[in-house]
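Asks: Have a look at the structure that comes next, please.
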Amino acid sequence: MIDITLPDGAVKKMATGSTPFDVAKSISEGFARNVISAQFNSKTVETSTPLSEDGDLTLYTWNNSEGKKAFWHSSSHVVAQALEELYPGIKLTIGPAIENGFYYDVDFGEHHVSEKDFQAIEKKALEIARGKHDFKMREVSKSDALKFYKDKSNEYKVELIENLEDGDITFCDHSSFTDLCRGGHIPNTGIIKAVKILNVAGAYWRGDENNPQLTRVYGISFPKQKELTEYLELLEEAKKRDHRKLGKELELFTFSQKVGQGLPLWLPKGAALRERLENFLKKAQKKAGYEMVVTPHIGQKDLYVTSGHYAKYGEDSFQPINTPKDDEEFLLKPMNCPHHCEIYKNSPWSYKDLPKRYAEFGTVYRYEQSGELHGLTRVRGFTQDDAHIFCTNEQLNEEFKNVIDLTLYVLGSLGFENFRAQVSVRDLDKPEKYIGDVANWEKAEHAIIEAAKEKGLDFVVETGEAAFYGPKLDFMIKDALGRNWQLGTIQVDYNLPERFDLTYKGSDNELHRPVMIHRAPFGSLERFVALLLEHTGGNFPLWLIPIQATILPVSEKFEKYAEKVLNSLENHEIRALIDNRNETVGKKIRETELKKVPFMIIVGEKEEQNNTISVRRHGGEDLGDISLEDFTNLISKEISSTLKSF
């Protein structure tokens with residue numbers, strides 16, 4: 001017998017060789033029918049895998065993210081089989097599950113696949129799924145695996161296998177289809193009831209533009225047709241909220257091929273919106289004791305070699321800038337933290353001077369692959385709301401909790417109320433990914449977890465998601481469409497102070513290393529604005545939106561009264577404009593609605609005589625005739641309800 005420990009601590013005594021499915025059945029037959037994936041001793045296993053030792057078992061259903069991952073990974077196998085049957089001679093490469101669905105990268109050779117082929121692929125995949133074929137894993141020797149794919153003339157799989165160790169290679173079979181695979185499948189294909197091919201795109205083999213370009217087939221699947229229908233409706237709503245579409249309609253930003261890919265140009269309304277975001281955070285930072293600094297857009301290459309960033313991210317940087325001086329190289333600034341280390345190092349510090357909190361809206365540059373650029377969410381030049389706190393070990397806990405408070409204030413003021421916290425720590429099996437002393441890493445990870453507990457955050461621990469120099473606390477936001485985004489990050493770093501030889505004099509009159517906290521509630525202004533656009537559908541919080549009210553005079557006769565109204569609003573710091581175009585009021589109302597202006601103020605003879613305004617809210621609600629004083633009070637009240645003092 002073996003002892004199987006479940007997540008709630010319950011221990012099941014099972015016969016040696018029992019499977020996760022057997023354990024699920026011992027809990028309840030109904031539960032077992034819904035189990036589609038499992039993890040044993042932190043390793044993904046099949047529900048049919050025999051268990052031969054004591055261990056911890058987690059059983060997943062479709063309602064768990066790991067269950068969905070297995071479902072979508074299994075679906076990628078089914079779609080790959082459908083593609084092979086429809087397009088003989090193609091070469092399959094890799095087909096992982098992703099956040100929503102899966103993809104498979106394929107060398108189609110002479111075949112060409114476009115949207116007109118999607119329905120046929122879906123039909124074939126569902127035909128295969130209805131066969132209820134079991135997914136079966138088997139170990140394969142390296143020589144047999146190489147022979148299998150050499151016989152299929154698939155150089156991509158051969159390359160993958162050549163980089164694997166003999167004894168670690170497994171194939172997955174279902175129906176007449178075999179694929180190189182590490183595992184993690186649902187019990188059988190019959191669970192897949194709905195499949196949708198979403199789109200196709202180009203993708204270089206292994207992400208290297210020097211390699212052949214493949215076709216990436218994106219898809220998604222569900223255990224019920226109803227869930228696919230709901231997802232497609234969500235996709236349609238997401239298209240309406242696409243920040244690239246809304247950014248153009250609201251005249252916030254643009255891109256120019258002449259300026260360069262991934263380099264956004266902020267239009268007047270967008271620049272004003274950015275400025276309000278910056279001022280909002282600057283005001284809160286000032287209250288929290290931060291000092292603003294400014295650093296240059298370039299730095300000597302040696303600066304980033306010292307920090308360790310060049311070794312880790314040099315390939316993602318722009319090429320070095322050479323000067324007339326021999327052996328002198330600069331880089332476009334890929335990050336702000338090394339510059340802030342040098343600012344700290346400019347002066348000698350005592351423990352009485354700490355913490356020092358330096359903040360900057362610093363623009364950085366990274367060479368993202370052209371195929372990965374996407375509107376404002378993935379760009380080559382972006383501005384981070386960066387800050388670095390240098391403090392003593394004794395101050396670390398309080399400082400970290402203060403940054404949590406600031407981050408929650410920022411997210412809450414912008415309507416991001418639905419989130420979970422994620423503590424991102426090292427992968428102990430991959431020490432080469434990280435720099436610095438193990439003891440310092442342990443202290444940093446412990447500090448983050450303790451602070452998160454003390455603040456009462458609902459958090460999960462994710463292994464392998466730490467930055468190369470330290471662990472972090474990430475805020476994973478769920479937007480209005482139910483999508484998850486990482487917004488806001490706080491990192492604890494013992495390594496950069498070591499690498500830059502940063503010190504302070506302690507109460508013992510000896511020199512000590514400060515601890516460094518990296519912090520960015522927005523992350524980057526570009527990405528934050530993009531996500532805010534999609535979350536709100538362009539209906540920004542009233543305090544942030546570029547134009548809060550548009551004044552519509554019903555004819556030229558009332559333009560002077562419109563100007564009087566405008567002056568009064570501006571005196572109360574309400575952002576408004578007059579639309580005096582030679583168009584009908586009806587057309588102006590429709591166009592103002594499309595621009596998502598929160599309030600329309602219509603003025604005519606009655607309003608002028610009564611010294612009032614007729615107010616219509618975005619969305620069609622008629623507030624009737626009210627005084628200017630009542631309107632300004634309304635605006636003030638709505639802003640204060642969302643934008644509380646920090």
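The values are calculated or read from the model by the stated rules, or taken from the named source; none is laboratory data. Model, not experiment: these values are computed from the prediction. We place every Cβ from the backbone using ideal geometry, glycine too, and count neighbours over all the protein chains shown.
Asks: Let me confirm something: among Pro96, Pro50, Pro20, Pro88, which residue is touching a Gly at 6+ places or on another chain (Cβ under 6 Å) and either surrounded by fewer than 17 Cβ atoms within 10 Å (Cβ to Cβ) or more than 26 Å from Leu126 (Cα to Cα) (or both)? Show your work before the answer.
Replies: On the way: Pro96 fails: touching a Gly at 6+ places or on another chain (Cβ under 6 Å); Pro20 fails: touching a Gly at 6+ places or on another chain (Cβ under 6 Å); Pro88 fails: touching a Gly at 6+ places or on another chain (Cβ under 6 Å).
One residue alone meets the criteria, Pro50.
Asks: Those residues that are surrounded by fewer than 20 Cβ atoms within 10 Å (Cβ to Cβ) and under 24 Å from Gly456 (Cα atoms), I need them from the range 356-400; list them, please.
Replies: Thr392, Asn393, Glu394, Gln395, Asn397, Glu398
Asks: Return the pair list, or none, for Cβ contacts closer than 7 Å from residues in the range 559-583 that are of a type outside the set (A, V, I, L, M, F, W, C) to residues that are part of a loop (DSSP other than H, G, I, E, B), at least 6 apart or on different chains.
Replies: Glu559/Asn580; Arg575/Pro546; Arg575/Ile547; Arg575/Gln548
Yes/no per residue for (1) assigned to a strand (DSSP E or B); (2) more than 22 Å from Ser176 (Cα to Cα):
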site: Phe71; (1), (2): no, no
site: His77; (1), (2): no, no
site: Gln81; (1), (2): no, no
site: Gly89; (1), (2): no, no
site: Gly95; (1), (2): no, no
site: Asp117; (1), (2): no, yes
site: Leu126; (1), (2): no, no
site: Met137; (1), (2): yes, no
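Asks: Going through Leu198, Leu164 one at a time, which residue ends up being out of contact with any Cys (no Cβ under 8 Å at 6 or more places or on another chain) and part of a strand (DSSP E or B)?
Replies: Details: Leu164 fails: part of a strand (DSSP E or B).
On inspection, the qualifying residue turns out to be Leu198.
Asks: Here is a follow-up. Within the set of pairs 6 or more residues apart or between chains, which connect a residue that is in the same structural domain as Tyr313 (by TED's automatic domain parsing) inside the range 443-468 to a residue that is buried (at least 18 other Cβ atoms within 10 Å of the Cβ) and of a type in the set (Lys, Arg) with Cβ atoms less than 8 Å apart?
Replies: Glu445/Arg426; Ile448/Lys472; Thr463/Arg426; Gly464/Arg426; Glu465/Lys472; Ala466/Arg426; Ala466/Lys472
Asks: With respect to Leu86, determine if the residue is out of contact with any strand residue (DSSP E or B) (no Cβ under 9 Å at 6 or more places or on another chain), in contact (Cβ under 8 Å) with a residue 24 or more places away in the chain and more than 30 Å from Ile2 (Cα to Cα).
Replies: Here the answer is yes, as Leu86 does meet what is asked.
Asks: Go through Tyr409, Tyr434 for me and flag whichever is surrounded by 18 or more Cβ atoms within 10 Å (Cβ to Cβ), aromatic (Phe, Trp, Tyr) and touching a residue at least 40 places away in the same chain (Cβ under 8 Å). Can you show your working first?
Replies: On the way: Tyr434 fails: touching a residue at least 40 places away in the same chain (Cβ under 8 Å).
On inspection, the qualifying residue turns out to be Tyr409.
Asks: Which residue pairs have Cβ atoms under 7 Å apart, sit 6 or more places apart or on different chains, and have a first residue in the range 243-265 that is in contact (Cβ under 8 Å) with a residue 40 or more places away in the chain and closer than 21 Å to Phe540 by Cβ and a second that is among the acidic types (Asp, Glu) and in a strand (DSSP E or B)?
Replies: none
Asks: Got a sec? Which strands (runs of 3 or more DSSP E) wholly within the range 1-46 have at least 3 residues that are not aliphatic (A, V, I, L, M)?
Replies: On the way: elements: 2-5, 11-14, 37-40, 43-45.
Ranges flagged: 37-40.
Asks: Which ones in the range 416-430 are surrounded by fewer than 18 Cβ atoms within 10 Å (Cβ to Cβ) and under 30 Å from Ala271 (Cβ atoms)?
Replies: Start the filter on the range 416-430 by keeping residues that are surrounded by fewer than 18 Cβ atoms within 10 Å (Cβ to Cβ), which leaves 417-418, 420, 427-430.
Answer for the range 416-430, where residues must be surrounded by fewer than 18 Cβ atoms within 10 Å (Cβ to Cβ) and under 30 Å from Ala271 (Cβ atoms): Glu417, Asn418.
Asks: In the range 213-236, what count of residues is obtained for those that are more than 20 Å from Phe118 (Cβ to Cβ) and either surrounded by 14 or more Cβ atoms within 10 Å (Cβ to Cβ) or assigned by TED's automatic domain parsing to the domain that holds Phe528 (or both)?
Replies: Within the range 213-236, residues that are more than 20 Å from Phe118 (Cβ to Cβ) and either surrounded by 14 or more Cβ atoms within 10 Å (Cβ to Cβ) or assigned by TED's automatic domain parsing to the domain that holds Phe528 (or both) number 1.
Asks: Just give me the residues in the range 302-332 being within 22 Å of Val379 (Cα to Cα) and in contact with a Ser or Thr (Cβ under 9 Å, 6 or more places away or on another chain), in sequence order. Step through it out loud before you land on a result.
Replies: First, pick out the residues of the range 302-332 that are within 22 Å of Val379 (Cα to Cα): 304, 309-321, 330-332.
Answer for the range 302-332, where residues must be within 22 Å of Val379 (Cα to Cα) and in contact with a Ser or Thr (Cβ under 9 Å, 6 or more places away or on another chain): Tyr304, His309, Tyr310, Phe330, Leu331, Leu332.
Asks: In addition: State which residue pairs qualify: first residue on the phi > 0 side of the Ramachandran plot and inside the range 534-547, second residue among the small types (Gly, Ala, Ser) in any location, beta carbons under 9 Å apart, and separation of 6 or more residues or different chains.
Replies: Gly537/Ala480; Gly538/Gly247
Asks: Of all the residues that make up the range 201-237, how many are modelled with pLDDT of 95 or more, of a type in the set (A, V, I, L, M) and not in a helix (DSSP H, G or I)?
Replies: 3
Asks: In the range 378-392, is there at least one residue being modelled with pLDDT under 95 and over 19 Å from the mean Cα position of the chain (by Cα)?
Replies: The answer is no, given that none of the residues of the range 378-392 is modelled with pLDDT under 95 and over 19 Å from the mean Cα position of the chain (by Cα).
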